[in-house]
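What follows is a single structure, written as structure tokens, with notes after it.
The values are calculated or read from the model by the stated rules, or taken from the named source; none is laboratory data. Since we're looking at a predicted model, the values are computed, not measured. A quick note on method: Cβ atoms are made from the backbone with ideal geometry, for glycine too, and the neighbour counts reach across all protein chains shown. Side chains are part of the model used for accessible areas, which takes the heavy atoms of the whole protein and leaves out ligands, DNA and RNA. Shrake-Rupley method; radii C 1.70, N 1.55, O 1.52, S 1.80 Å.
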Amino acid sequence: MNEARAIDRLDTGPRFTEHDAIRLNRMFRGSDTEEWLRAVLEGDLAGDLAMVSSFGAESAVLLHLVSQIDPSVPVLFLETGKHFPETLAYRDLLKERFGLNLVNLYPDLGDLEKRDETGLRWSYDPDGCCELRKVRPLEKALARYDASFTGRKAFQSTTRATLPRFELDTSDAQGRLKINPLIDWDADRIAAYFGEYDLPRHPLVDRGFASIGCSPCTRAVKPGEDPRAGRWAGWDKVECGIHKPGEEPFL
């Protein structure tokens, strides 16, 4: 283990604890994003890392930031089978432009045949659909990593307003870290970064899509709405399940 590493862990215990997350947040308090992100990646402060990306409206910013430091970081994309064609084209464009180490994750075909034979589970049980197509494949993939980057930002919704930069992934009993590099970025800073580096925008942004997920459960937002109001509109649902504690499996 690198001697510069700030987190001491026992091989027989959890990879990280809540105390480790608090210590990392204190360590980088007041640091600029690029500065502490480079320290984490180059200083081996969080072990084996992966990035989870939806290749959505603002994904290019974090993908670019990380690729400029270490393009070998695996970028995990949940290929749910329900994405907009524009999202898949955008994914391929950014992969080529940034030289990303893209890893596509797919739902288990046996699960789909048993639980979603018609492909319409999203229409009557969006939580169950997300469980099949997102939560389970991601949990399996992340089991090999010590930490993961997410693109969550505080301004996106009230449920994300108080998230820290480093947190313990409550869905993982072995102590995986979840890292939110852009959590304190606002919409203006995101837009400025796109302009500074001439990053391509997701094709659906110009059509009013502020947050982009699977096509059946995503709509454009109206002026003044929460950026994530277009996700699962009409349902009492604000997250797909990969960013909240694990629940009992659905039947």
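Observations, loosely collected:
- Residue check for residue 91: in contact with a strand residue (DSSP E or B) (Cβ under 8 Å, 6 or more places away or on another chain), outside any loop (DSSP other than H, G, I, E, B), under 23 Å from residue 196 (Cα atoms) and of a type outside the set (Gly, Ala, Ser): yes
- Subset of segment 135-149 that is out of contact with any Leu (no Cβ under 8 Å at 6 or more places or on another chain) and either in a loop (DSSP other than H, G, I, E, B) or under 14 Å from residue 216 (Cα atoms) (or both) - its residue that is most open to solvent (accessible area, probe 1.4 Å): 144
- Pairs are defined by a Cβ separation below 9 Å, a sequence spacing of at least 6 or placement on different chains, a first member in segment 204-218 that is free of Cβ contacts under 8 Å to residues at least 60 places away in the same chain, and a second member that is among the β-branched types (Val, Ile, Thr) and crowded, with 17+ Cβ neighbours inside 10 Å; the pairs so defined are 208/221.
- Counted residues, segment 169-189 - those being buried (at least 20 other Cβ atoms within 10 Å of the Cβ) and not in a loop (DSSP other than H, G, I, E, B): 3
- Tally, over segment 67-87, of residues that are open to solvent by 10 Å² or more (accessible area, probe 1.4 Å), in contact (Cβ under 8 Å) with a residue 40 or more places away in the chain and assigned to a helix (DSSP H, G or I): 1
- Count of segment 217-247 residues which are at pLDDT 80 or above, buried (at least 16 other Cβ atoms within 10 Å of the Cβ) and over 15 Å from residue 56 (Cβ atoms): 0
- Boolean, residue 93 is free of Cβ contacts under 8 Å to residues at least 12 places away in the same chain, among the aliphatic types (A, V, I, L, M) and surrounded by fewer than 22 Cβ atoms within 10 Å (Cβ to Cβ): no
- Within segment 27-44, being open to solvent by 80 Å² or more (accessible area, probe 1.4 Å) and either closer than 16 Å to residue 67 by Cα or touching a helix residue (DSSP H, G or I) at 6+ places or on another chain (Cβ under 7 Å) (or both) holds for 35, 38, 42.
- Failed item in (1) of a type outside the set (D, E, K, R); (2) on the phi > 0 side of the Ramachandran plot; (3) modelled with pLDDT of 85 or more, with residue 205 passing the rest: (2)
- Residue match in segment 124-134 (condition: under 15 Å from residue 81 (Cα atoms) and open to solvent by 30 Å² or more (accessible area, probe 1.4 Å)): yes
- Residue 114 in a helix (DSSP H, G or I), at pLDDT 90 or above and either hydroxyl-bearing (Ser, Thr, Tyr) or open to solvent by 40 Å² or more (accessible area, probe 1.4 Å) (or both): yes
- Any chance residue 194 is at pLDDT below 90, in a helix (DSSP H, G or I), aromatic (Phe, Trp, Tyr) and touching a helix residue (DSSP H, G or I) at 6+ places or on another chain (Cβ under 9 Å): no
- Checked against (1) surrounded by fewer than 17 Cβ atoms within 10 Å (Cβ to Cβ); (2) farther than 25 Å from residue 131 by Cα; (3) within 17 Å of the chain's Cα centre (by Cα), residue 64 meets all criteria but (1).
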